Structures are given as structure tokens and as C-alpha cells.
1. When you go through R123, R111 one by one, which is the residue that is closer than 24 Å to M1 by Cβ, surrounded by 10 or more Cβ atoms within 10 Å (Cβ to Cβ) and charged (D, E, K, R)?
2. Test R111 against the criterion of being charged (D, E, K, R) and free of Cβ contacts under 8 Å to residues at least 24 places away in the same chain, and give yes or no.
3. Identify all residues within segment 1-35 that are assigned to a helix (DSSP H, G or I), over 21 Å from D110 (Cα atoms), more than 20 Å from the chain's Cα centre (by Cα) and not charged (D, E, K, R); write none if there are none.
4. Quick check: anything in segment 68-77 more than 24 Å from E18 (Cα to Cα) and exposed (fewer than 10 other Cβ atoms within 10 Å of the Cβ)?
5. So, T137, is that one surrounded by 10 or more Cβ atoms within 10 Å (Cβ to Cβ), within 30 Å of R27 (Cβ to Cβ) and polar (S, T, N, Q) or not?
6. What pairs can you find where one residue is in segment 1-22 and modelled with pLDDT of 85 or more, the other is among the polar types (S, T, N, Q), and their Cβ atoms are less than 6 Å apart, with a gap of 6+ or different chains?
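The values are calculated or read from the model by the stated rules, or taken from the named source; none is laboratory data. Since the structure is predicted, the reported quantities are computational estimates derived from the model, not experimental observations. When we count neighbours, we look across all protein chains shown, and the Cβ atoms used for this are built from the backbone with ideal geometry, even at glycine.
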Amino acid sequence: MTNEEFQRIVLEKLGNLEEGQKNLVERVSALEEGQNRLVERVSSLEGKVITLEEGQNRLVEKVSSLEEKVITLEEGQNRLVERVSSLEEKVITLEERFVVLEEGQKKLVDRVSALEEGQKEIRKDIKAIIEQTAILTEFRQETVEKLDTMLAENDILKEITGRHEVDIKRMKRIIL
């Protein structure tokens, strides 16, 4: 695997991590919006409970003046009590769900923190890779320059050796 391929793989993984982080941020935002809606619904339920309690108090005041309707009012009151109990149960359920959402949100925050740490580590690794690549590039350049010098010197030596061989042959002819 070449350095360029390795860098490309690292950059792709970094892009995937950033995309995953963006998705997590969007999911956390969606959870926060849901949490806000739940809080609004709980507030609405509390308002309705207060309204029901006020209605119940008005019914109790009218009972003394409306003896014929006592039975009807008691039945209505019982229904209201049941609805209040039902609402209280729903509020308890909502509170439990709210706790679960908070725990989920905390887990998401922890996961996002872990992803950020991982991203920092990847950035450190990429920085080290870039530094190593620069060192290797410089080493390669120096090696190429030295090789070019050696090739030039080798050509010169070949030329000198060739001249000496010509001189040796000429001297042999003279001697013979």
C-alpha cells in the first residue's frame, strides 16, 4: 500500500466520522425537540388537572343548593377522579419516559465525546503521517540527486577509461 492510498483511506474514514458525528448531532437535536414537546404536554396536563380540580370545587359548592342533582354530581365527580387518576398515571408514565430520554441523551453525549476523542486521535495520526511523508519525500529527493551525481561521475569514469584504453592500444602499436 502506497502512502497516497493510505492517506486516501484515512481521509475517507475521517469523512465518514464527520458524517456520523453530524448525524449524531441531528439525532440529539431531534431528541431535545421531543423532550421539549413532552415538557409542554406535561404542562398542559397539569393545567387540565387544575381545571378539573376547579370544576370539582364548583360542583361541591352547588351540591348544597341542588339536592336533586347530588347523585348526578357524585357520578360526575367520580368520573373526574378517575380521569385525574388516569392523568396522574399518564404523568407518571411521561416522567418515566422523560427519565429514559434523559438517560439516552446522556449516552448520546458520551458517545459524541468518544467520537470527538477518536477524531482527535485520527487527526494526530494524520499529522504524523503528513510529517513522515514530508521526511520521506525529502529523503527521496536527496537520493535522486545523489544518484544523478553518481551516474554523471560514472559517465565521466567511463569516458576516462575509454581514453586510457585508446592510449594503451596506441602504445602497444608503437612498441610492436
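1. One residue alone meets the criteria, R123.
2. So R111 fails the test.
3. Matches in segment 1-35: N3, F6, Q7.
4. Within segment 68-77, one or more residues are more than 24 Å from E18 (Cα to Cα) and exposed (fewer than 10 other Cβ atoms within 10 Å of the Cβ).
5. Answer is no for this residue.
6. N3/T133; L17/Q119
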